[in-house]
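In what follows, a single structure is set out as structure tokens and then discussed.
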């Protein structure tokens, strides 16, 4: 079904958008979710992905968001109430663009991840930009929508978000799920060619 700004975006069966379908394929094929025991922190979970993840018997998932409704733990992503190295995996999709102090949020996500564990990050990205655009003086909703694509966004990321994630102590791989599929499979799954996933891992040993 169409979304407000593009055709053929939403699955009429489960409500998934392109990013949800891309993320599921990434989790299944790249991260092997469902193939063994895994303790996962899922920040700001979305219903379409919930339906898939809830079917995985060996997945222990803790859902978290700033607001308490519908999640296990209510928390600020810049001050998570979990011990160091509490999770094998973390999902953070379309959250950081709403967070004023995203560097602290990234550091917190890395902190709660066990050494050798992985973090998947998705954000809206302007691939025509070299540098992430943010301006704290832009506060009016209409101005933010023009500058950052949505009224409640506080920045517009460029691909250099990977630099910020590395500064949090993570190794980062930039991946586009659509590129791994044939043209027929891309069409069947309804993926966007530009959908980018940042697959991060916490090094097993501290860097010197």
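The values are calculated or read from the model by the stated rules, or taken from the named source; none is laboratory data. All values derive from a computational prediction rather than experimental measurement. When we count neighbours, we look across all protein chains shown, and the Cβ atoms used for this are built from the backbone with ideal geometry, even at glycine.
Residue under question is residue 34, and the condition is that it be more than 18 Å from the chain's Cα centre (by Cα) and under 24 Å from residue 174 (Cα atoms); does it hold?
Yes: the conditions hold for residue 34.
Can you tell me which of (1) within 22 Å of residue 43 (Cβ to Cβ); (2) surrounded by fewer than 13 Cβ atoms within 10 Å (Cβ to Cβ); (3) at pLDDT below 95 is the one residue 115 doesn't meet?
(3)
Does residue 186 satisfy the criteria of being within 27 Å of residue 1 (Cβ to Cβ), more than 16 Å from the chain's Cα centre (by Cα) and surrounded by 11 or more Cβ atoms within 10 Å (Cβ to Cβ)? Show your work before the answer.
Working: within 27 Å of residue 1 (Cβ to Cβ): yes; more than 16 Å from the chain's Cα centre (by Cα): yes; surrounded by 11 or more Cβ atoms within 10 Å (Cβ to Cβ): yes.
For residue 186, the condition - within 27 Å of residue 1 (Cβ to Cβ), more than 16 Å from the chain's Cα centre (by Cα) and surrounded by 11 or more Cβ atoms within 10 Å (Cβ to Cβ) - is met.
Give me the residue from the range 35-79 that is in contact with a strand residue (DSSP E or B) (Cβ under 9 Å, 6 or more places away or on another chain) and part of a helix (DSSP H, G or I) and, out of that set, surrounded by the fewest Cβ atoms within 10 Å (Cβ to Cβ).
Within the range 35-79, the match that is surrounded by the fewest Cβ atoms within 10 Å (Cβ to Cβ) is 50.
Residues in the range 1-34 that are on the phi > 0 side of the Ramachandran plot and crowded, with 17+ Cβ neighbours inside 10 Å: how many?
Count: 0.
If you scan the range 41-63, which residues turn out to be within 17 Å of residue 73 (Cβ to Cβ) and under 17 Å from the mean Cα position of the chain (by Cα)?
The answer is 41, 42, 43, 44, 45, 46, 50, 53, 61, 62, 63.
Scan the range 80-107 residue by residue and report those that are closer than 24 Å to residue 32 by Cα and surrounded by 16 or more Cβ atoms within 10 Å (Cβ to Cβ).
Across the range 80-107, the qualifying residues are 86, 87, 88, 89, 90, 91, 92, 93, 94, 95, 106.
Answer with yes or no whether residue 171 is on the phi < 0 side of the Ramachandran plot and modelled with pLDDT under 95.
no
In the range 25-34, which residue that is touching a strand residue (DSSP E or B) at 6+ places or on another chain (Cβ under 8 Å) and in a loop (DSSP other than H, G, I, E, B) is nearest to residue 180 (Cα to Cα)?
For the range 25-34, the residue satisfying everything is 30.
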